[in-house]
2 protein chains.
Amino acid sequence: MNDFTSRVADAKIPDATVRRFSLYLRYLEDFERSGINSVASGVLAERGGTTAAQVRKDLSFLGSFGKRGLGYSVRELTGVLRDVLGLDSVWRVALLGAGRIGTALFRYEPFRARGFHITTVIDNDPGKVGTRLGGVMIRGEHELECALTEDRTDLVIVAVPAPVAQALVDRVVAAGIRAVLNYAPAQLRLPDDVALRNVSMTVELESLSHALTRVRRCR
Amino acid sequence: MNDFTSRVADAKIPDATVRRFSLYLRYLEDFERSGINSVASGVLAERGGTTAAQVRKDLSFLGSFGKRGLGYSVRELTGVLRDVLGLDSVWRVALLGAGRIGTALFRYEPFRARGFHITTVIDNDPGKVGTRLGGVMIRGEHELECALTEDRTDLVIVAVPAPVAQALVDRVVAAGIRAVLNYAPAQLRLPDDVALRNVSMTVELESLSHALTRVRRCR
DNA sequence: TTCCACTTGTGAACGATTTCACAAGCAGGG
DNA sequence: CCCTGCTTGTGAAATCGTTCACAAGTGGAA
Ligand SMILES: NC(=O)c1ccc[n+]([C@@H]2O[C@H](COP(=O)([O-])OP(=O)(O)OC[C@H]3O[C@@H](n4cnc5c(N)ncnc54)[C@H](O)[C@@H]3O)[C@@H](O)[C@H]2O)c1
Ligand SMILES: NC(=O)c1ccc[n+]([C@@H]2O[C@H](COP(=O)([O-])OP(=O)(O)OC[C@H]3O[C@@H](n4cnc5c(N)ncnc54)[C@H](O)[C@@H]3O)[C@@H](O)[C@H]2O)c1
């Protein structure tokens, strides 16, 4: 199915563009389900709240496979995006912290459908260690390195309290992990070759709060 | 305590800067707890993974109250940031969807400490409506408008399944709400004067996945 | 075959954000 | 008092991302 791998400019796709790829892919999958075979940049743009030029510029990082006058083949574009986003492999994910956020994430099925399999869960609460979350046994914090290696983990989700986050990721990085998704309100320090994304609900709320006060003042 | 309100350039602070303000504030509160009275831009920068120049440029949007040779007063800067982020008022928040993510968010205390009070919870599951989440009664979806008005809601958190999100926020917007924090994987369409932030774990994971495949290919 | 309506791909203009570089200000010591 | 070491505040430069504008393909209709 994938002879699309003729991607040229793997060079350095802007981060903002990569994030939009995720969204485009989401829409394309909707279109595919609806039996639509081809989309124009304008359609994707409208769906995603950007402009047609933006969509075309984004996609041009991947080569050129649109058909002028017609648009893009939904199937082909889906394939290319899945490929560039690395969604054709299964990623083995370890969850650190089986608390409220951790369990909510664990039980969220769409991750699995996307190829992110949570194969490891770590916690240090003696009441939790040894019990099962879904099909996965919760292992103690001291087993961290061993679990990451055994389970051939690719990616770690941090959902432990902020004060312990840095110490844990240090060990995670030492164990060879190259990608971390962090939910703790802590600014993690990692080597440059480890990819890190922070999800901070506080930052989002506070930026909304700022927007609200601005609106209020301007009237 | 706040005669810092002499803020000049409320003009148009870049979004990226506002988000960093949240982080700076977080660090400043740590410093305050540790009894540190003043910080230099370089210290904040190191803590937050940016550069000293970036920190100073950011803060310059708020006026100038650093002391050359010394740095910034922790207390004063904390006050200014809290003010510009609108954290000195209490924000009344409505939570739409008391599912897994919704309840995890609800039970997260730091929000309340920051001045975000979840005063309204809406769900449409008959088994949930009428029960309490923490101290708040879960109300039916049909009561949405009425609840938002009665509770004088400022801000709405969307934690319902994607397919119903748009319809709900349409009603929320019609009820006069100007700020929405969206967890559903749906691209919401709102009027320009409503502030929207999306939190998408899928986008984050996929961008990590992209980073991982890049690393792998480059060796 | 030619024409037409449509849409892509992309250099170039634009706008925004980040980084640089340095004059100016402050505190403390002599 | 002046000198020294340190740090801010900020124009100007560099970088990065978005938007514009249009030549060049494409399929279909006549
Ligand atoms: N709940 C939310 O809505 C929310 C929102 C934003 C951020 N967060 C952040 O996510 C993280 C988790 O939040 P939560 O609400 O799930 O908290 P929680 O207390 O419910 O869960 C934390 C879990 O981590 C485990 N843990 C603690 N120390 C550990 C260690 N050293 N090794 C392994 N496991 C350890 C605890 O046993 C617990 O199960 C926190 O950093 C929090 O700030 C949560
Ligand atoms: N759980 C996660 O980790 C996670 C991660 C990313 C995104 N999300 C998104 O967050 C949203 C909620 O996820 P969840 O895991 O909590 O799902 P969930 O099914 O546990 O909760 C959804 C809740 O919304 C309620 N609901 C449904 N329709 C409603 C309506 N019309 N009005 C009011 N309430 C309604 C349901 O009764 C349920 O309580 C989804 O959009 C999901 O995609 C969840």
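The values are calculated or read from the model by the stated rules, or taken from the named source; none is laboratory data. Quick caveat, the model's predicted, so the values are computed rather than measured. Virtual Cβ from ideal backbone geometry, glycine too; neighbours counted across all protein chains shown. Heavy atoms of the whole protein, side chains included, go into the accessibility calculation; ligands, DNA and RNA do not. Shrake-Rupley method; radii C 1.70, N 1.55, O 1.52, S 1.80 Å.
Points worth noting:
- Some residue of region A:203-218 being at pLDDT 95 or above, crowded, with 17+ Cβ neighbours inside 10 Å and not in a helix (DSSP H, G or I): no
- Qualifying residue in region A:53-76 (condition: under 13 Å from the mean Cα position of the chain (by Cα) and crowded, with 19+ Cβ neighbours inside 10 Å): no
- For region B:164-185, the tally of residues that are touching a Lys or Arg at 6+ places or on another chain (Cβ under 9 Å) and either assigned to a helix (DSSP H, G or I) or not assigned by TED's automatic domain parsing to the domain that holds B:Arg197 (or both) stands at 3.
- Region A:150-170 - residue that is open to solvent by less than 50 Å² (accessible area, probe 1.4 Å) and of a type in the set (D, E, K, R) and, of those, nearest to A:Met201 (Cα to Cα): A:Asp154
- Residues that are touching a residue at least 24 places away in the same chain (Cβ under 8 Å) and of a type in the set (D, E, K, R) do not occur anywhere in region A:35-56.
- Tally of residues being touching a helix residue (DSSP H, G or I) at 6+ places or on another chain (Cβ under 8 Å) and within 12 Å of chain A (Cβ to nearest Cβ) across region B:58-88: 9
- The selection criterion, being open to solvent by 70 Å² or more (accessible area, probe 1.4 Å) and either within 16 Å of ligand 2 (Cβ to nearest atom) or at positive phi (or both), does not hold for A:Arg47.
- Only one of the listed residues (B:Arg132, B:Arg92, B:Arg114, B:Arg107) is more than 17 Å from A:Leu205 (Cβ to Cβ) and of a type outside the set (Val, Ile, Thr). That residue is B:Arg132.
- Listed by first and then second residue, the pairs with beta-carbon distance under 9 Å, at least 6 apart or on different chains, first residue in region B:101-129 and touching a residue at least 40 places away in the same chain (Cβ under 8 Å), second aromatic (Phe, Trp, Tyr) and within 8 Å of ligand 2 (Cβ to nearest atom), are B:Ile101/A:Tyr108; B:Ile101/B:Tyr183; B:Gly102/B:Tyr183; B:Leu105/B:Tyr183.
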